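One structure is given here, and the rest of the page talks about it.
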Amino acid sequence: MGQYYLVYLELRNGAIAKSSIDVWNRFQELAACIDDRMYGFAAGPAAEGAFDVLQGNGTIYHAAGSRSGSASDVAVCAMLEELACRHGVTGIALASTAMGRRLAPLLSGRLRAALLSGCREFGGPDEACSRFIHSGSVIASYMPASAITVFLQGRELVSPDFCAAERPQIEVFDAAPYLDAGIDVLFRPVMHSSQGRDIAEASVIVAGGRGMGSPEAFGLLEELAALFGGSVGASRSAVDEGWRPHGEQIGQTGKRVAPDLYIACGISGALQHLAGIAAARIVVAVNSDPDAPIFGAADYGIVGDVRIVLPELIAAVRDLLTKK
Ligand SMILES: Cc1cc2nc3c(=O)[nH]c(=O)nc-3n(C[C@H](O)[C@H](O)[C@H](O)COP(=O)(O)OP(=O)(O)OC[C@H]3O[C@@H](n4cnc5c(N)ncnc54)[C@H](O)[C@@H]3O)c2cc1C
């Protein structure tokens with residue numbers, strides 16, 4: 001019997017969130033069998049062509065709403081539940097955003113579905129799902145026993161290079177019945193971090209630790225991140241020093257990120273920090289101590305003082321970008 005998957009596609013400022021695209025792509029890969037079906041659901045205003053970034057088969061339902069922002073949790077949950085029942089869905093998948101983390105347990109309770117959170121690798125209801133435990137040192141596998149499973153992606157999800165010629169069909173989802181039923185379909189503004197975006201969505205992160213020496217020195221990281229169109233992150237020590245906001249902390253008790261490029265500056269590479277960057281594609285480390293553990297997790301390393309290395313790196317990247 002085929003698997004029927006429903007992916008919640010989060011809209012931010014009218015665009016589909018990168019983490020939702022990753023989940024959609026992963027499930028497109030899973031839905032390879034002839035009987036498998038893919039559905040998507042998005043709530044809130046979408047910019048023109050917002051769904052063009054999604055490839056593969058299936059149908060995406062869009063509840064546009066009338067005001068700016070995102071639909072309330074209860075309304076989105078009710079609409080997802082209706083689609084899951086209408087199509088006999090076996091797996092519902094959400095990205096691990098703040099919204100996804102609120103919706104997943106709600107859906108699990110309403111549908112009496114198993115909830116598998118922090119997945120680094122998804123499978124169908126008959127296959128194992130895996131996730132890191134013990135600060136990323138062990139991979140555990142899980143077997144859902146219920147008819148429907150709610151999958152909550154972990155930051156360590158290996159984002160696939162999915163490519164398909166087909167495009168999903170977009171259908172309007174009428175939210176009016178949910179209003180009639182007295183369900184709150186208010187649209188409210190989405191909260192943004194001080195950098196104007198969620199660091200977990202960034203494809204390039206330039207992060208600093210205690211080795212940066214001062215909050216002012218993070219200006220160099222902001223400069224480098226801006227050249228890549230990326231975001232600034234921080235170790236817990238830098239956050240504890242009060243140099244950066246907690247929303248930028250990366251690691252076990254911070255955010256788990258999955259950028260294409262992660263540049264760690266003046267960060268020692270403690271296990272708790274590395275737990276947050278397990279899914280980064282390329283890691284570059286700058287540290288004055290050649291024995292710093294971060295070099296063990298890095299693809300490229302520069303041994304040197306951040307105050308000397310970073311200005312040179314910024315000049316070199318700027319030079320490269322101007323020549324392009
Ligand atoms: C339960 C628990 C949860 C935790 N959660 C997290 C978490 O989520 N995220 C996190 O990051 N940490 C977390 N930690 C803390 C973690 O164990 C480390 O203490 C922390 O990551 C260290 O931060 P750091 O690398 O910035 O600082 P340090 O360990 O002090 O390292 C600073 C580094 O900078 C280098 N350096 C110094 N000066 C320079 C210079 N001028 N140029 C270049 N390099 C320089 C040094 O060689 C050193 O390697 C947690 C700890 C616990 C116990």
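Before moving on, here are some points about what is shown:
- Per-peptide packing, taken as the mean over residues of other Cβ atoms within 10 Å, places 145-153, 12-20 in the sequence 145-153, 12-20 from highest down.
- Local charge for residue 25 was computed over the other residues whose Cβ lies under 12 Å away, with Lys and Arg +1 and Asp and Glu -1, and equals -1.
- Intensity falloff of the chain expressed as log10 I(q)/I(0), Debye formula with alpha-carbon point scatterers, at q = 0.08, 0.11, 0.15 Å⁻¹: -0.40, -0.73, -1.18
- Cβ-based net charge around residue 244, under 14 Å, with every Lys or Arg adding one and every Asp or Glu removing one: -2
- Cα principal axis extents for the range 199-323, largest first, Å: 40, 30, 28
- Mean Cβ count within 10 Å, highest first, over the residues of peptides 278-285, 211-218: 278-285, 211-218
- Taking a straight line from the alpha carbon of residue 255, these lysines sit under 22 Å away, with near neighbours fewer than eight places off in the same chain left out: 18.
- Ranked by the mean number of other Cβ atoms within 10 Å of their residues, highest first, the peptides 246-256, 168-178 come out as 246-256, 168-178.
- From helices alone, the chain scores -8000 deg cm²/dmol at 222 nm; the rule is -39500 (n - 2.57) for each run of n ≥ 4 DSSP H residues, then divide by the residue total.
Any read-out appearing in this document is the output of simple, stated calculations on the displayed coordinates, not a laboratory observation. Remember, it's a predicted structure, so these values are computed and weren't measured experimentally. When we count neighbours, we look across all protein chains shown, and the Cβ atoms used for this are built from the backbone with ideal geometry, even at glycine.
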